[in-house]
Amino acid sequence: MSSNANHSHHSADAHGHDHHGGHEAAHGTFKSYMTGFILSVILTAIPFWLVMGKVFSDPSVTAALIMILGAIQIIVHMIYFLHMNTRSEGGWNMMALIFTIILVIIALSGSLWVMHHLNANMMVMSPDMMRNMP
């Protein structure tokens, strides 16, 4: 006769929390989810207001602010909803994120570099040359 109480597959402490060697990210509390939600709403409302209210006369300033607020919102989502930090999954989540960011920066900067040089090295066509095109 073996007792199933002594051979439990899950380890739980006195409070009923499961512990798996620190490999799983902690789940958020209601307060942390609400904080993330409120920050997300604010970070969505500000760009909407910037565009609809035509706050800045220069569209490039508006675009730069929207991209900055978008990057901040990505960080808010990763912290409050995806529970990413340096401790989750033994740090591998953060390493994967850093690797992904580096790849995206390389791809974007390389694409912009190629497009800039293609634009700079294109032959300028006069209207007469355009008329003679097949």
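Per the listing 109, 126, the residue uniquely out of contact with any Gly (no Cβ under 7 Å at 6 or more places or on another chain) and either under 30 Å from residue 38 (Cβ atoms) or surrounded by 10 or more Cβ atoms within 10 Å (Cβ to Cβ) (or both) is 109.
Would you check if residue 97 is modelled with pLDDT of 95 or more and surrounded by 10 or more Cβ atoms within 10 Å (Cβ to Cβ)? Quick ask: steps written out before the conclusion?
Numbers: modelled with pLDDT of 95 or more: no; surrounded by 10 or more Cβ atoms within 10 Å (Cβ to Cβ): yes.
So residue 97 does not fit the description; no.
Is it fair to say residue 84 is assigned to a helix (DSSP H, G or I) and among the aliphatic types (A, V, I, L, M)? Outline the logic, then answer.
Working: assigned to a helix (DSSP H, G or I): no; among the aliphatic types (A, V, I, L, M): yes.
No: the conditions fail for residue 84.
Being out of contact with any Ser or Thr (no Cβ under 8 Å at 6 or more places or on another chain), part of a helix (DSSP H, G or I) and surrounded by 13 or more Cβ atoms within 10 Å (Cβ to Cβ) holds for only one residue in 50, 65, and it is 65. Kindly check whether there is at least one residue in region 50-58 that is at pLDDT 75 or above and among the charged types (D, E, K, R). Checked region 50-58: at least one residue is at pLDDT 75 or above and among the charged types (D, E, K, R). Which members of region 71-85 meet the condition of being touching a residue at least 40 places away in the same chain (Cβ under 8 Å) and either within 13 Å of residue 39 (Cα to Cα) or surrounded by fewer than 14 Cβ atoms within 10 Å (Cβ to Cβ) (or both)? Of everything in region 71-85, those that are touching a residue at least 40 places away in the same chain (Cβ under 8 Å) and either within 13 Å of residue 39 (Cα to Cα) or surrounded by fewer than 14 Cβ atoms within 10 Å (Cβ to Cβ) (or both) turn out to be 76, 77, 79, 80, 81. A single entry from 64, 25 fulfils the requirement of being modelled with pLDDT under 90 and at negative phi: 25. Total residues in region 30-49 satisfying the condition of being farther than 12 Å from residue 80 by Cβ and of a type in the set (D, E, K, R): the figure is 0.
Out of 103, 118, 112, report the one residue that is within 19 Å of residue 74 (Cβ to Cβ), in a helix (DSSP H, G or I) and either free of Cβ contacts under 8 Å to residues at least 60 places away in the same chain or among the hydrophobic types (A, V, I, L, M, F, W, C) (or both). Steps first, answer last, please.
Values: 118 fails: within 19 Å of residue 74 (Cβ to Cβ); 112 fails: within 19 Å of residue 74 (Cβ to Cβ).
Just one listed residue meets the conditions, 103.
The values are calculated or read from the model by the stated rules, or taken from the named source; none is laboratory data. Every value quoted in this text rests on a predicted model; they were computed, and no experiment measured them. Cβ coordinates were reconstructed from backbone atoms using ideal geometry, including for glycine residues, and neighbour counts include every protein chain displayed.
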